[in-house]
1. When Lys and Arg each count +1 and Asp and Glu each count -1, what net charge do the other residues less than 15 Å away from Ser87, Cβ to Cβ, add up to?
2. So for each of 174-185, 100-111, 46-57 I average, over its residues, the number of other beta carbons within 10 Å; can you give me the resulting order with the highest mean first?
3. If you add up the charges near Leu44, with Lys and Arg at +1 and Asp and Glu at -1, over every other residue whose beta carbon is less than 12 angstrom from its beta carbon, what do you get?
4. For Asp139 paired with Phe191, estimate the spin-label separation in nm (one decimal), with each label point 7 Å from Cα along the Cα-to-Cβ line.
5. With each pseudo-label sitting 7 Å past Cα toward Cβ, what's the Leu91-Ser63 distance in nm, one decimal?
6. At 1.4 Å probe size, put Lys154, Lys195 in order of accessible surface, largest to smallest.
7. Give, in nm to one decimal, the length gained when the segment between Arg198 and Ser45 is fully stretched (0.36 nm per residue of separation minus the Cα-Cα distance).
8. At 1.4 Å probe radius, can you tell me the per residue accessible area of region 111-189 in Å²?
Amino acid sequence: MQRRRVLKFGAAGLGVIGLNLFAGWWQVDGPGAAQSDRLRPLALSDMNFRMVDHEGTTVTPQSLVGRATMVFFGFTYCPDVCPTTLSDISLWLDDLGNDADELNVVFITVDPERDTVESMADYVSYFHPAVRGWVGVSDQIAQAADDFRATYEKVPMEDGDYTMNHTASVFLFSPTGEFVSTIDYHEQREFAVPKIRRALKSGADKTS
């Protein structure tokens, strides 16, 4: 009797967990996701900023159109979120195999005071070779964050130094430049990689 009761409660618990997971997907990444224009990133072709990549080349969002794109905001002095996410991205790209060649992968700094072309080049060299670092001045970064609907702020520290708080999600776009989805910080690979494949496929559907 006791064993039957435990199994009954266990099944009920799993049912609740499954329902909550489905509800979360429905609201965040499914048909029930919020469609607020203010919260949704612009299409890449509608963005209006210019930066420089870690090789010193001038880049714009429009230059990304034509391939699926993954974008993440951060900074090279980041103690945990940025290296963790870039390591995760590197693993996702490995999982994609040859399909990774069809992706733009961009890491945009939110720290114009410390992140130079040289420091960014050194930083991204520790991750997957597909990762490109973009740097710029304050106004360029502010415009980029606004277009992507990302946020960031400078946070003073007790020792006189500072750190940066910033959006930790990864933004996904189709090859046509339309926003597809986000990948949350620490999202498991079995959920993240299919989202990337969906971004790749969404462009194929529109161009085929």
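1. Once all neighbours under 15 Å are counted, the net charge is -4.
2. Numbers: 174-185: 19.8, 100-111: 22.1, 46-57: 15.9.
Those peptides, ordered most packed to least, come out 100-111, 174-185, 46-57.
3. Values: positive: Arg67; negative: Asp46, Asp147, Glu178.
Once positives and negatives cancel, what remains is -2.
4. Taking the two extended label points, one gets 4.0 nm.
5. That separation, rounded to one decimal, is 3.1 nm.
6. Accessible-area ranking of Lys154, Lys195, largest first: Lys154, Lys195.
7. Gain on stretching Arg198 to Ser45: 53.1 nm.
8. Working: 3930 Å² over 79 residues.
Here the residues of region 111-189 average 50 Å² of exposed surface.
The values are calculated or read from the model by the stated rules, or taken from the named source; none is laboratory data. Only a predicted model underlies this, so the values are computations on that prediction, with no experimental measurement involved. As a convention, Cβ positions derive from the backbone with ideal geometry for all residues, glycine included, and neighbour counts pool all protein chains shown. Remember, those area values only see protein heavy atoms, side chains included, never the ligands or the DNA or RNA. Shrake-Rupley method; radii C 1.70, N 1.55, O 1.52, S 1.80 Å.
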